[in-house]
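Worksheet: the structure to be examined is printed underneath.
A short reminder: the numbers here are calculations on the coordinates, not readings from a lab. Here the structure is a predicted model, which means the values were calculated and not measured. Positions of Cβ are generated from backbone atoms using ideal geometry, with glycine treated the same way; all protein chains shown enter the neighbour counts.
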There are 2 protein chains.
Amino acid sequence: MSWIKAVGIGPGSLEHMTLQAMDALKECDVVVGYNTYLNLIKPIIQDKKIIGSGMRHEVSRCKKAIELANEGKKVCVISSGDPGIYGMAGLLLELSAKEGLDIKIEVIPGISAVNMAAALLGAPLMHDFALISLSDHLTPWEVIERRLDSAAQADFVIALYNPRSHERENHLDTALEIISKYKPKDTPVGIVKNASREGEKVIFTTLESVPIENIDMTSIVVIGNKNTFTIGGKMITPRGYKL
Amino acid sequence: MSWIKAVGIGPGSLEHMTLQAMDALKECDVVVGYNTYLNLIKPIIQDKKIIGSGMRHEVSRCKKAIELANEGKKVCVISSGDPGIYGMAGLLLELSAKEGLDIKIEVIPGISAVNMAAALLGAPLMHDFALISLSDHLTPWEVIERRLDSAAQADFVIALYNPRSHERENHLDTALEIISKYKPKDTPVGIVKNASREGEKVIFTTLESVPIENIDMTSIVVIGNKNTFTIGGKMITPRGYKL
């Protein structure tokens, strides 16, 4: 019986993988994924057929996985973090539904980058938060601006994915400008680069002092709400308990 | 050397725990937690000292954990899901910072309820989303209303935690009314009750047909954005790829 599992491998280090994800990778015939992520789990997929490809080949990766499942294979399509959060789950389900295929597709959740970043920063996501990707590769920039504006105005904690790349060097500046219309300039900001991977770096700063030039596509940026504070090297958003 | 680890045990079933969480529970002397969650991981903590308490005893649980660590113990404080998302991480860090203690506190992320619910629904969180708790136990209701309004207006996918309890039977009605000011009434809504636990139930519906009376504190409610659709028993928010 063939199947496809969209497997979340977590942020990087193998210790953040779930038992279910491990099992799926053990049971499958083929692992399909982005080369960088395949490298992260190399030690545990050495006896598998591996089909890797580069960035922005998501559609062809999913089509390949569906093709393999149609041939009777058990296929894991990996995403870093959680396949359901800016990962491969949606695309797989969409393509399979569009083609009217009857393949069993299961989504195996993983620790997403934002959960890992929060853990490394302390506890910045203890209250309502909004997750926004600054990539306008697939989303009009106006939509992103509107979401930044609304989320800041309603005092959400805001977590930014894909904050800055060579193709969009100014997006983060613009985003922080929008957020600064509503949030005070001393609002705590936490930045995590390469969470749970080689080169991991954690930066604590404030809204007016974000070191833009240090931020790239491997970074998650978390901007606090009006109650967030930093103490003893930890960024904390109180839930509201009386202490 | 004593320590405290705020451990995310995931949504329920042991297979969703990470290796790091398993290791922490193996290495500790004492496990502190809410009785219901201690029950979920009973099989793997049978040789540990266990300190359980009821709902709303979060502050005393954390104080107890700090006391035990001060006595030299290695302590795991468990949260269901992720301790950094409406869990125990913030409270632990706050209390320890407030008391000026020098205890090593580590946050071990887990699969949060919303990630699990999304995986069971299909892929509803593939685009920017806002996570909002409808509990006004620790947050003024006006703040919650404002966040609902802003998130709906900016077309976020919205995930609701603590959607309904006996103490606040009407919160969900009000929340859906606010959201319906901006989102069409046929917007897909997914509801997951008891994700990854006994009695798990997945419901697909639309904004105008939410079965309020079936929803309780064990439920997560996910309301789509304007591109979300349901097909073949899956709720999918497209990321925007051209297919």
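Quick one: helix B:89-98 against the long Cα principal axis of chain B, what's the angle to the nearest 10°, folded into 0 to 90? The helix B:89-98 is inclined about 50 degrees to chain B. Share of antiparallel DSSP beta bridges in chain A, in percent to the nearest 5? Approximately 45 percent, going by the DSSP bridge assignments. Cβ screening of the protein assembly as shown for cysteine pairs under 4.7 Å finds these without a partner: A:C62, B:C62. Each copy carries a label point for A:I51 at 7 Å from Cα toward Cβ; from one copy, the others' points are 5.3 nm away, ordered from shortest. Of all the options A:L148, A:L93, A:L138, the one that moves most in a Gaussian network model of chain A with Cα springs shorter than 10 angstrom is A:L138.
Applying both filters, DSSP loop and at most 14 other Cβ atoms within 10 Å, to the trypsin sites (Lys or Arg not before Pro) of the stretch B:183-243 gives B:K185, B:K226, B:K242. Summarising the label geometry, the points placed 7 Å from Cα in the beta-carbon direction at B:K48 and A:K226 lie 3.9 nm from one another. Close amide-amide hydrogen proximity is noted between A:K49 and A:V31, each under 5 Å apart and 5 or more residues distant or on a separate chain (H modeled in the peptide plane; Pro and chain starts excluded).
In chain A, the longest principal axis of the Cα atoms and the axis of helix A:58-70 are about 30 degrees apart. Projecting label points 7 angstrom from Cα along Cα→Cβ for A:E198 and B:M55 puts them 4.9 nm apart. About the centre of its Cα atoms, the stretch A:40-131 shows a dipole size close to 400 debye [charges on the beta carbon of Lys, Arg (+1) and Asp, Glu (-1) only; nearest 20 debye]. Our helix-only sum for chain B, with -39,500 (n - 2.57) per DSSP H run of n ≥ 4 divided by its residues, gives a mean residue ellipticity at 222 nm of -8500 deg cm²/dmol.
Running a GNM on chain B with Cα contacts under 10 Å, which residue among B:P211, B:P188, B:P163 ends up with the highest mean-square fluctuation? Greatest mean-square fluctuation among the candidates belongs to B:P211. Between the alpha-carbon centres of the stretch B:1-67 and the stretch A:1-54 there is a gap of 28 Å. Rounded to the nearest Hz, the phi-derived 3J(HN,Hα) couplings of the stretch B:173-189 under the Karplus curve 6.51 cos²θ - 1.76 cosθ + 1.60 (θ = phi - 60°) are 3, 4, 4, 5, 4, 4, 4, 6, 5, 10, 9, x, 5, 8, 4, x, 10, where x marks glycine and proline. Computed from the C-alpha gyration tensor, the three semi-axes of the ellipsoid equivalent to the stretch A:3-111 are 20, 14, 13 Å, from longest to shortest. Between 0 and 90 degrees, the angle of helix A:141-153 with respect to the longest Cα principal axis of chain A falls at about 50 degrees.
Take A:M1, push a point 7 Å out from Cα through the beta-carbon direction, and compare it with the same point in every other copy: 4.7 nm, smallest first.
For the stretch A:216-230 versus the stretch A:110-185, the spacing of their alpha-carbon centroids is 8 Å. Computed extension length for B:H166-B:N35: 45.1 nm, one decimal, from 0.36 nm per residue of separation with the Cα-Cα distance subtracted. Projecting 7 Å from Cα along the Cα-to-Cβ direction, the label point of B:D216 sits 5.0 nm from its equivalents in the other copies, listed shortest first.
In this Cβ point-charge picture (+1 for Lys and Arg, -1 for Asp and Glu), the protein assembly as shown has a dipole of about 580 debye about its Cα centre.
Neighbouring Cβ atoms from other chains, within 10 Å of the Cβ of residues in A:12-22, number 6 on average.
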